[in-house]
Structures are given as C-alpha cells and as structure tokens.
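The values are calculated or read from the model by the stated rules, or taken from the named source; none is laboratory data. Because the structure is predicted, anything quoted here is derived from the model rather than measured. As a convention, Cβ positions derive from the backbone with ideal geometry for all residues, glycine included, and neighbour counts pool all protein chains shown. Remember, those area values only see protein heavy atoms, side chains included, never the ligands or the DNA or RNA. Shrake-Rupley method; radii C 1.70, N 1.55, O 1.52, S 1.80 Å.
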Amino acid sequence: MQELETIFKEAVVKALAALYEAEVSVESVQVQGTRKEIAGDLTVVVFPFLRFSRKGPEQTAEEIGAYLKENVDLIEDFSVIKGFLNLEIAASHWKSMLDYITENPNYGFTSVTSDSPLVMVEYSSPNTNKPLHLGHIRNNLLGWSIAEILKATGNKVIKTNIVNDRGIHICKSMLAWQKWGEGRTPQSSKMKGDHLIGDFYVKFDKEYKKEIAELVAKGMAKEEAEENSPLMQEAREMLRKWEAKDEDVYALWQKMNSWVYDGFDITYKRLGVDFDKIYYESDTYLVGKEKVLEGLEKGMFYKREDGSVWANLNAEGLDEKILLRSDGTSVYMTQDIGTAKLRFDDFSIDKMVYVVGNEQNYHFQVLSILLTKLGFEWGKDLKHFSYGMVELPEGKMKSREGTVVDADDLMDEMIDVARSTSEELGKLEGYSKEEAENVYRQVGMASLKYFILKVDPKKNMVFNPKESIDFNGNTGSFIQYTFARICSIIRKAEEDGVMYNTTVDADVQLSSQEVELIKSLTRFKSIIEEAATLYSPAIIANYVYDLVKDYNRFYHDCLILKEENESLKMFRLKLSSNVAQILKRGMGLLGIEMPKRM
RNA sequence: GGUUUGGUAGCUCAACUGGAUAGAGCAACGCCCUUCUAAGGCGUAGGUUCUGGGUUCGAAUCCCAGCCGAAUCACCA
C-alpha cells in the first residue's frame, strides 16, 4: 500500500514537469491534510512553484489542479483558496481503505524479521536506597512505551535496567539501619522493603544534618564539619569495607537490597513495566575501572598528583571530567562505561537508547565522547532519550522537604478515585468483585499513564497533587470510555447475529464525519513512525485523543444499531469496530489497558 | 559566569516541524438523557504566542538582541 501523500507528491512533480518544464524533487512538494472546515482531503501548497509558473498563486493552483484531476484517478475534484490547492478524494477510496484496515489487523505495525536491527533500551535505573517516585514513573512509562513503539516500527528490542545498587548512598541507609533499625524487617514492620530502606536513608540525612549543626555550633567551619562528620566517615568506611568484600557488610548489603528489590518488583508490576535483562552496578563498575585504566595507559586520560584520573575534553569544547577518585574508587561515569562494554559483549546491539532525564544531558554528551575515545565505534551513535522533569506547582520535588510524590501512593490514589467514581455511576452491574476491581485498576492506571505520556517528553511538566488527575476531558479514562461504548454496541450487534465485517457496500453514502474517521484510521501507520523517529509517545496519545473526539461526535450524531438502512448500519458497525481496534492498539503502545465495560 | 533548554487562554497541554482564521481539556456560564453507556455531545467567554528587531508570499515555529525560569558545569549517583 503506497502512502496517499507520496502518490500525490509524485503526481505534482509530473504536473510541474508537464506544465512548466520544471524539475523538482518529491521531497520538496508540500502535501498536507486539508483543514477540517474546508472541503477537500489533501492540500498542496503551491507558493513554492510560483517561480516556475511565473503566474499568480490562484492561477498556478488552478492549472496544477486541472492537471491532477485529469491524470490521477483518485482525485474527484479540487478547489483553490489563495495558494492552497485542495484535492478531494473519491469516496470509494476511503471505503476500500476501511476494507484494507479490517483485513489487516496489524495495520500500522511493521513486523520484525531476523534482519531487523537490535535496539537496546535502558530505562528505570533506580537507586536501591529509596522507593520510586513520580519522576521514576515518567521514566518507566516513557521507557516501556518507546520500547513498544520501536518494536512496532520493526526493531528487535531488549529492555534493560541498570540498578545502582552500590555506592555511598546505599551505605548511608545501611548504616542508619544498623544504628537505629533495631532489627526491623519488611515483615516485622509490615512495610514494602523499598519504603523501609527509604526511611532509613532519610534518617541518616537527618542525623547527619544534626551532627553538622552541632559541630558548627562548636565553632567548626561548615565545610570542615562536613568533612569530619563521624557519621559520614563511618559511611565511607563502610563503602571501603564493601569494596573489600567484608563479609558482614556484604551480607547486610545483600539482605537490604533484596528487600528493596521485592518492593520494586511490586511497583514495576503495577506500573506494567518489565525488563529482558537487568544489570547491576556492582557487577559493572570494575569493568569500567579496567577500561579507564586501560585508557590511562594509552595516554587518553591523565593522572593528577593526588592519584585521581581525569579526561580532558577541552578539544571537544567541554571541561575536564573525573573518572576515578584519588582513592581509586569509581564514579558514576566509570560504571556507565563498564555497563556499556558488558552490554555490547552480551548482545550484538545496533543501537543503544538511554532513557534518562535531561538533567544528565551533559553526562551523556561526555559518555558518548569517552566511549568513542575508548574505541567503541558505537559510542557516537548512542541515543540519549532525554526527558523533562516532573515539577510541582511550587517547583522541584524535594525529598528532604517531603514533597516527593510516591509512586505507590499515587497509584493507590488513582485507583481509589476510579473506584468511587465508578461505584457512583454504577455501570458494572453483573460484574464480580474481582472483575470490577480489575476495571478500577485499569481506569485509575490509564488516567495516570495518559496524564504522563500525553505530554511531549522533552518538556518539563507540572503535576499538582492537590488536584487529583482528571477522569474527564483529555484523559485516559475518556478514551477508555469511548472504547467501552463501542464494545457495548458491538456486543449487542453480535448478540443479534449481525455480520458487519463485510466489504463496504458501494451504495453507502459516506458523511463527512465518516470520511474524517476513516482518514484518521489510515494515519495510524505514519503516526507510529513519527512517534518512533521523534521518540515521543505523546504523538500517539494526542492522535488517539483526536480520534476519540471525532468518534464521539459521530456517535452522538449518527444512529448505529438503530439505523434502518442495513448496508449503512453494517458500515457504521464496521467503522466503529475498527476505531475500537485502533484505539486499543494505540493505547497498547502506551501500556494502557482498555476495559470492555466501565 | 560558560553551556544546554524552555516561555502559547486563569490552570494543564496541542499546533502535521515555515502554511490558511493559533486549537483541546480543566475551571466559569448556558443548553442536550422516554434513542446504541451523560466518564458523553453542543454553545458562550477567554490570546499582543515574554518583549523588540530581522529573514519572506507567509513566523508561535528560523536568525539577532533583551527579560524571566529550569538544568548542568562536583572526588553525589
């Protein structure tokens, strides 16, 4: 199936050659969807051709229009407004498009073959010292969704996670637990492990601050106090012991991390995200260290007097970057180098995508350069899928001020609101308690996921915890609701034994609303492709919303089951069923489930 | 301060990457359920697209200058 736009662009090229002996490339022809208020389906912008025609815009458009109408079967008629040539496409074309989409239930998706490129998508990448929050939710949803979108555009995808399971921050919660934990476990305290550990991380920070304040009160300078804080020194000592694989520290580390993982697993499962391969920083940081030392030997990096290792990136227009601390321990960058090496050893990756917040743009710029320097030819091609922060109305979320929106809490809240809304409306009669709960979960999660994913990933976004996320308007549940209404109609049609998925009858007269809907359905493929090239699930979210709005108007204005004209009724059922399918598959790319009733 | 990035209705977001009269939702105010799910539909009101220049048939979009915000430039991850 060749794209309609391409066909028209080529036709315009021919028209220009025939009319004005002009040679233009297919790409330079602008064809766009006609504005809704104006008659027509596709519009050619003729301004760029005036230099060939040497005539006014109207006349040029008329001439090209006449040529196209004459030479392209699909074109029924045309009209000219200013420099815009609006082309009207034959209704039969739209009918056959609907038939085509019905017969190809995978319409829009490109299938994966053995030659398809292998893309690895890294996302989530949590620290094991605190539970996941709203920022992580955005990361996880974007990562999972972009992986699905890449699959849908014909890539093999491996979803991966790098768990930051070691480092001073982990030691802080371990130390706090040792000191003040009194042997508490997730079981004994009836808490998710990640929340339990998070509390001790906060506890450490509190005690540390207290210590500093006391030292400063005794007359010590703040910086000196931070350096000499006994707590911090203990934490550092613990990190050294950990690196030396001290038995007790290691055992404690393993125990506490396993608590956190149990907690994360629950959160991931509720979010509906998963991974094909998980890497742990504790396994990769030494590999990175090795590569850095190798680079040092080859003279790519240099050592300072205190023993720390640095890369000088002045030639690339950047600063100097530390790669190993003076005590020989590794930093963030070191482990990313190691992880990259392990991954490319494990898989024959064609493209590596990192889903990481835009606060780390600099980090990935540097990583790309360093990997290239170290001889990884794919270094320069790595893709940093950089997304914006989630902010509160008053600014950044701050864990210290307790303004962090916890992922588990937020999901609970969304599902609670979905439950009470649904119970009020009382539309789930006949459903068992489990079935109903499942719908509440689907609706609550849909509103949350859609709220996050409908926003352009590049942009920062605002979340106001005081106003709960909407269930009306441009929301996930609105889209689900439309889907449920279609399902209800289809259910009834099937109960009556109506066979609607037959070829559209030639006698059926399409209304402009119906043509709009079919047009929207045909755009699905190019929408997915655009979402993939721009790394933007938001494009799919906004497309689905537009489709739903159009459908609701149609649903309101037109009879479907009660339509008396049989072939028109069949057509409308078929159209509705296709809209539902595209909705379901589009939302599927966003990880949003679609209930048949709600 | 350097670099990167953003500024669109009261609020949250769109705008097919330079196209026609800048669109949705929320909030406000009117309508529409004895018709297929009203978590819906229709309407009213709301805009100097931060400001000022420039580029051209045409600018929210590109360029320059300024104002405001964010991120980053760490022996934190």
Need pairs with beta-carbon distance below 9 Å; first residue free of Cβ contacts under 8 Å to residues at least 60 places away in the same chain and within the range A:452-473, second open to solvent by less than 30 Å² (accessible area, probe 1.4 Å) and assigned to a loop (DSSP other than H, G, I, E, B); sequence gap 6+ or separate chains.
A:Ile469/A:Phe463; A:Ile469/A:Thr475
Picking from A:Val331, A:Val292, A:Val353, A:Val309, the residue that is crowded, with 16+ Cβ neighbours inside 10 Å, touching a strand residue (DSSP E or B) at 6+ places or on another chain (Cβ under 7 Å) and farther than 25 Å from A:Arg236 by Cβ would be A:Val353
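Considering the range A:71-80 alone, what residues qualify as being open to solvent by 40 Å² or more (accessible area, probe 1.4 Å) and either within 15 Å of RNA strand B (Cβ to nearest atom) or more than 22 Å from A:Glu3 (Cβ to Cβ) (or both)? Can you show your working first?
Initially, the range A:71-80 is screened for residues open to solvent by 40 Å² or more (accessible area, probe 1.4 Å), giving A:71, A:73-74, A:76-79.
Result: A:Asp77, A:Phe78, A:Ser79.
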Within the range A:492-508, restricting attention to residues that are touching a residue at least 24 places away in the same chain (Cβ under 8 Å) and assigned to a helix (DSSP H, G or I), which residue is farthest from RNA strand B (Cβ to nearest atom)?
A:Ala493
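Table: residues versus (1) surrounded by fewer than 20 Cβ atoms within 10 Å (Cβ to Cβ); (2) in contact with a strand residue (DSSP E or B) (Cβ under 7 Å, 6 or more places away or on another chain).
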| position | (1), (2) |
| --- | --- |
| A:Leu150 | no, yes |
| A:Lys159 | no, yes |
| A:Asn164 | yes, yes |
| A:Ile170 | no, no |
| A:Lys190 | yes, no |
| A:Lys210 | yes, no |
| A:Ala225 | yes, no |
Counting only residues that are more than 10 Å from RNA strand B (Cβ to nearest atom), modelled with pLDDT of 95 or more and basic (Lys, Arg), the range A:434-474 contains a total of 2
Criterion (without any contact (Cβ under 8 Å) to a residue 60 or more places away in the chain and either hydroxyl-bearing (Ser, Thr, Tyr) or within 11 Å of RNA strand B (Cβ to nearest atom) (or both)) met by exactly one of A:Leu324, A:Leu296
A:Leu324
Scan the range A:40-66 for residues that are of a type outside the set (A, V, I, L, M, F, W, C), near RNA strand B (Cβ under 9 Å from one of its atoms) and part of a helix (DSSP H, G or I) and jot them down.
A:Pro48, A:Arg51, A:Pro57
Looking only at the range A:388-428, how many residues end up being more than 10 Å from RNA strand B (Cβ to nearest atom) and open to solvent by 70 Å² or more (accessible area, probe 1.4 Å)?
7
Kindly indicate the residue of the range A:541-572 that is more than 9 Å from RNA strand B (Cβ to nearest atom), over 16 Å from A:Phe524 (Cβ atoms) and aliphatic (A, V, I, L, M) and also nearest to the chain's Cα centre (by Cα) among those meeting that condition.
A:Met570
For the range A:573-598, how many residues meet the condition of being away from RNA strand B (no atom under 13 Å from the Cβ), assigned to a loop (DSSP other than H, G, I, E, B) and open to solvent by less than 40 Å² (accessible area, probe 1.4 Å)?
3
Given the conditions (1) more than 24 Å from the chain's Cα centre (by Cα); (2) outside any helix (DSSP H, G or I); (3) away from RNA strand B (no atom under 13 Å from the Cβ), every one holds for A:Ile349 apart from (1)
The range A:305-320 residues that are more than 17 Å from A:Thr334 (Cα to Cα), paired with ones that are of a type outside the set (Val, Ile, Thr) and near RNA strand B (Cβ under 7 Å from one of its atoms) (beta carbon under 6 Å, 6 or more apart)
A:Asp306/A:Ser326
List the residue pairs whose Cβ atoms are under 7 Å apart, where the first residue sits in the range A:64-92 and is within 22 Å of A:Ser512 (Cα to Cα), the second is in a strand (DSSP E or B) and among the small types (Gly, Ala, Ser), and the two are 6 or more positions apart or on different chains.
A:Asn86/A:Ser79
For A:Ser520, indicate whether it is open to solvent by less than 30 Å² (accessible area, probe 1.4 Å), under 19 Å from A:Gln32 (Cα atoms), more than 9 Å from RNA strand B (Cβ to nearest atom) and of a type in the set (S, T, N, Q).
yes
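Can you report the number of residues in the range A:373-404 which are farther than 15 Å from A:Lys351 by Cβ and not small (Gly, Ala, Ser)?
Total meeting the criteria: 16.
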Restricted to the range A:523-540, and to residues that are near RNA strand B (Cβ under 9 Å from one of its atoms) and open to solvent by 20 Å² or more (accessible area, probe 1.4 Å), which residue is nearest to A:Pro117 (Cα to Cα)?
A:Thr533
Could you tell me whether the range A:14-31 includes any residue that is of a type in the set (Asp, Glu) and surrounded by 13 or more Cβ atoms within 10 Å (Cβ to Cβ)?
no
Looking at the range A:364-383, which of the residues that are in contact (Cβ under 8 Å) with a residue 24 or more places away in the chain, within 25 Å of A:Lys459 (Cα to Cα) and buried (at least 17 other Cβ atoms within 10 Å of the Cβ) is nearest to the chain's Cα centre (by Cα)?
A:Leu382
Answer yes if at least one residue in the range A:81-101 is touching a Pro at 6+ places or on another chain (Cβ under 9 Å) and either surrounded by fewer than 17 Cβ atoms within 10 Å (Cβ to Cβ) or on the phi > 0 side of the Ramachandran plot (or both), and no otherwise.
yes
A:Lys130 vs. criteria open to solvent by 50 Å² or more (accessible area, probe 1.4 Å) and closer than 30 Å to A:Arg166 by Cβ
yes
